[in-house]
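Chemist: One structure, as structure tokens, below. Some questions next.
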Amino acid sequence: MKTNTTWQKKIGAPEQVALQKRVEQVSLSAFDRPFEHQAVFNSRLQTTGGRYHLSDHHLDFNPKMADRDDFDAIIKHELCHYHLHRAGRGYQHANQDFKGLLAQVGGSRYAPDIGAGRTVKKKYHYLCENGHEFDRVRRVDTRRYRCGRCRGRLHLVSHSN
């Protein structure tokens, strides 16, 4: 096992210890197999609930998901990857082994949406000569491009920084 890696340095924190115990408990209760590696919170995860690392078998979890009622389902999802990979069976999302085990233990198929998506501000507002409106992030060359609905000429209505 590797020593002194970044994820191992954070293990001593109380929330990391609690996560480790929770993952070990879920592994024993749902899979009847022990979890023998490390489980850590990784605040860099944004849109996913967790990640299984093939190289050293540790699990990363999104700390934003920890307070949710369905966090155990996220843990089960990652443990499906873990146990199937260690058993030499199909551990990827498309494999029937993975889908079957996930359904059997009640793991979540997808990470729940926590509203962490980034919103893009539309800077440019266009109006075509027939009344169709468009909001764009990037500027459009109105001499070169036309309305996508009616082929009418476009006019820049407003521009915000």
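The values are calculated or read from the model by the stated rules, or taken from the named source; none is laboratory data. For clarity, every value in this text was computed on a predicted model and none was experimentally measured. Neighbour counts run over all protein chains shown; Cβ positions are idealised from the backbone, glycine included. Side chains included, ligands, DNA and RNA excluded: accessible areas come from the protein's heavy atoms. Shrake-Rupley method; radii C 1.70, N 1.55, O 1.52, S 1.80 Å.
Chemist: Kindly report the accessible area of the stretch 91-131 per residue (heavy atoms of protein chains, probe 1.4 Å, no ligands, DNA or RNA), in Å².
Modeler: On the way: 2910 Å² over 41 residues.
Accessible surface, normalised per residue, equals 71 Å².
Chemist: If amide H atoms are built 1.01 Å from N in the plane of the peptide, which residues on other chains or at least 5 residues away come under 5 Å of the amide H of Gly49?
Modeler: Ala111
Chemist: Using a 7 Å offset from Cα along Cα-Cβ at Ala13, what residues in the stretch 19-60 end up with backbone N under 14 Å from the label point?
Modeler: Taking a point 7 Å out along Cα→Cβ of Ala13, the residues of the stretch 19-60 whose backbone N falls under 14 Å are 19-20, 39-45, 60.
Chemist: Restrict the search to the stretch 118-159; then list the chymotrypsin sites (Phe, Trp or Tyr not before Pro) that DSSP places in a loop and that have at most 16 other Cβ atoms within 10 Å of their Cβ.
Modeler: Tyr145
Chemist: Still on this structure: Taking the chain as a whole, which cysteines find no other cysteine Cβ under 4.7 angstrom from their Cβ?
Modeler: Singleton cysteines: Cys80, Cys150.
Chemist: Please list log₁₀ I(q)/I(0) at q = 0.21 Å⁻¹ for the chain, using the Debye equation with identical point scatterers on the alpha-carbon positions.
Modeler: -1.37
Chemist: Enumerate the calculated ³J(HN,Hα) couplings along the stretch 34-49 in order (Karplus 6.51 cos²θ - 1.76 cosθ + 1.60, θ = phi - 60°), each rounded to whole Hz, writing x wherever the residue is Gly or Pro.
Modeler: Coupling constants for the stretch 34-49: x, 9, 9, 10, 9, 10, 9, 7, 10, 6, 7, 6, 10, 10, 10, x Hz.
Chemist: Long-range amide H contacts for Phe41: which residues qualify at under 5 Å (H placed 1.01 Å from N, peptide plane, sequence gap of 5 or more or a different chain)?
Modeler: Amide H to amide H, under 5 Å and 5 or more residues apart or across chains, Phe41 pairs with Phe61.
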